[in-house]
1. For segment 1-13, check the following and say yes or no: at least one residue is closer than 20 Å to Arg89 by Cα, open to solvent by less than 40 Å² (accessible area, probe 1.4 Å) and of a type outside the set (Ser, Thr, Tyr).
2. Among the residues of segment 23-64, which ones are modelled with pLDDT under 95, more than 9 Å from ligand 2 (Cβ to nearest atom), out of contact with any Gly (no Cβ under 8 Å at 6 or more places or on another chain) and more than 21 Å from Lys181 (Cβ to Cβ)?
3. Given the condition small (Gly, Ala, Ser), touching a residue at least 24 places away in the same chain (Cβ under 8 Å) and within 17 Å of Leu111 (Cβ to Cβ), answer yes or no: does some residue in segment 56-76 qualify?
4. Out of (1) open to solvent by 10 Å² or more (accessible area, probe 1.4 Å); (2) modelled with pLDDT of 85 or more; (3) over 27 Å from Glu193 (Cβ atoms), what's the single condition that is false for Pro77?
5. Do the conditions hold for Phe141, that is, is it open to solvent by less than 50 Å² (accessible area, probe 1.4 Å), within 11 Å of ligand 1 (Cβ to nearest atom) and outside any loop (DSSP other than H, G, I, E, B)?
6. Condition test on Ile101, is it buried (at least 20 other Cβ atoms within 10 Å of the Cβ) and more than 18 Å from Ile191 (Cα to Cα)?
7. Regarding segment 41-50, can at least one residue be identified that is over 18 Å from Ile3 (Cα atoms) and either of a type outside the set (Ser, Thr, Tyr) or open to solvent by 20 Å² or more (accessible area, probe 1.4 Å) (or both)?
8. Can you pull out the residues in segment 162-201 that are at pLDDT 95 or above, part of a helix (DSSP H, G or I) and of a type in the set (Gly, Ala, Ser)?
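The values are calculated or read from the model by the stated rules, or taken from the named source; none is laboratory data. This one's a predicted model, so the numbers in the text were calculated from it and none came from an experiment. Because the Cβ atoms are built from the backbone with ideal geometry, glycine has one as well, and the counts that use them run over all protein chains shown. Ligands, DNA and RNA are excluded from the accessible area calculation, which covers all protein heavy atoms including side chains. Shrake-Rupley method; radii C 1.70, N 1.55, O 1.52, S 1.80 Å.
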Amino acid sequence: MIIKSAIFKGSSTTVTRCPKTDLPEYAFIGRSNVGKSSLINMITNRNRLAKTSAAPGKTRLINHLLINDEWYIVDLPGYGYIKAKPGQRKKFQIIITDYIIRRGNLACLFLLLDSRLEPQKIDLAFITWLGESGVPFALIFTKTDKISASKFNNNQKAYESVLSETWEELPPVFKTSAPRKLGREDILDFIEEINSSLKTK
Ligand code: GTP
Ligand code: MG
């Protein structure tokens with residue numbers, strides 16, 4: 001797929017304030033600092049479309065980007081670490097879960113995992129919640145430029161073995177590196193496939 005246009009359509013504080021649309025939507029979620037915004041910039045080929053930062057907690061709202069006038073990318077705040085008081089952290093969690101459960105045009109949720117880490121409790125808990133809630137999702141390993149191929153392989157296998165304890169079928173998995181532009185085509189092909197299947201429905 002060629003990205004002809006990528007337009008920032010606004011930031012929303014809650015799911016009810018998100019743009020009214022029937023276009024398919026793809027949201028990026030994961031722990032704070034895992035690389036959601038960087039990946040979105042890499043996929044769209046725009047350097048500063050999504051705000052990135054070395055400090056966790058950069059993205060604080062539900063950000064809508066309209067792609068090719070046909071579908072949306074959504075940049076979400078990270079879970080797990082939010083540099084905020086516990087009460088505020090709870091508020092962010094509610095914004096995220098509300099969005100995921102109630103957004104009718106959410107075609108697929110991309111859950112980002114840091115490729116350098118072994119399976120993390122918070123990510124596994126999130127995956128379990130997605131399963132229980134019937135949310136279609138795919139996994140994306142980020143920052144693969146920061147780890148050796150063999151170590152990454154071990155981490156990926158560890159994830160697969162934990163997941164296969166509870167899942168009959170594993171979700172689609174993508175490997176990415178923002179600086180190396182790795183994984184871009186695979187993710188765009190995947191999105192294009194879903195978009196076409198939705199059109200023929
Ligand atoms: P929040 O919005 O705070 O939840 O973070 P985020 O998940 O959007 O992460 P962001 O894209 O802001 O990236 C966090 C940091 O990781 C930045 O310093 C990025 O430059 C760096 N980073 C992101 N992706 C990659 C990658 O693939 N490789 C490397 N080497 N660094 C990356
Ligand atoms: Mg971000």
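1. For segment 1-13, residues closer than 20 Å to Arg89 by Cα, open to solvent by less than 40 Å² (accessible area, probe 1.4 Å) and of a type outside the set (Ser, Thr, Tyr): absent.
2. Passing the criteria: Ala55, Leu61, Ile62.
3. No, segment 56-76 contains no residue that is small (Gly, Ala, Ser), touching a residue at least 24 places away in the same chain (Cβ under 8 Å) and within 17 Å of Leu111 (Cβ to Cβ).
4. With respect to (1) open to solvent by 10 Å² or more (accessible area, probe 1.4 Å); (2) modelled with pLDDT of 85 or more; (3) over 27 Å from Glu193 (Cβ atoms), Pro77 is out only on (1).
5. Yes; evaluated as a whole, the condition is true for this residue.
6. no
7. Scanning segment 41-50 turns up no residue that is over 18 Å from Ile3 (Cα atoms) and either of a type outside the set (Ser, Thr, Tyr) or open to solvent by 20 Å² or more (accessible area, probe 1.4 Å) (or both).
8. Ser196, Ser197
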